[in-house]
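A short reminder: the numbers here are calculations on the coordinates, not readings from a lab. This one's a predicted model, so the numbers in the text were calculated from it and none came from an experiment. Cβ placement follows ideal geometry from the backbone for every residue including glycine, while neighbour counts extend to all protein chains displayed.
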């Protein structure tokens, strides 16, 4: 008999089928400083290094994202990535296109008993 499926495993399976997964080899860049922001990434497997680089190539390491961590949020404010994210090992990420998030936010509203307030994404 197959194991019972929980609500959590159903949600996880739904997320896995809704968003694309991207595989990277060690040393491959996920994001580049100054590149247009189009997606957020959730590390599914492997390790990354995030850093900024100056014009002479000196690096300031920001962090080492691993499984479950969010990468790419630095591009939200200016619509361009402020840092590099490079795979330190063979890795896999879940790609969450920002358009998908913005679309969900634009459709949602916050309701209370007396009024409906549009979400911030629709401002």
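General remarks:
- Hits in segment 44-62 (condition: closer than 22 Å to residue 101 by Cβ and either surrounded by fewer than 19 Cβ atoms within 10 Å (Cβ to Cβ) or touching a residue at least 40 places away in the same chain (Cβ under 8 Å) (or both)): 44, 48
- When segment 34-43 is limited to residues that are crowded, with 16+ Cβ neighbours inside 10 Å and free of Cβ contacts under 8 Å to residues at least 60 places away in the same chain, the one that is farthest from residue 74 (Cα to Cα) turns out to be 43.
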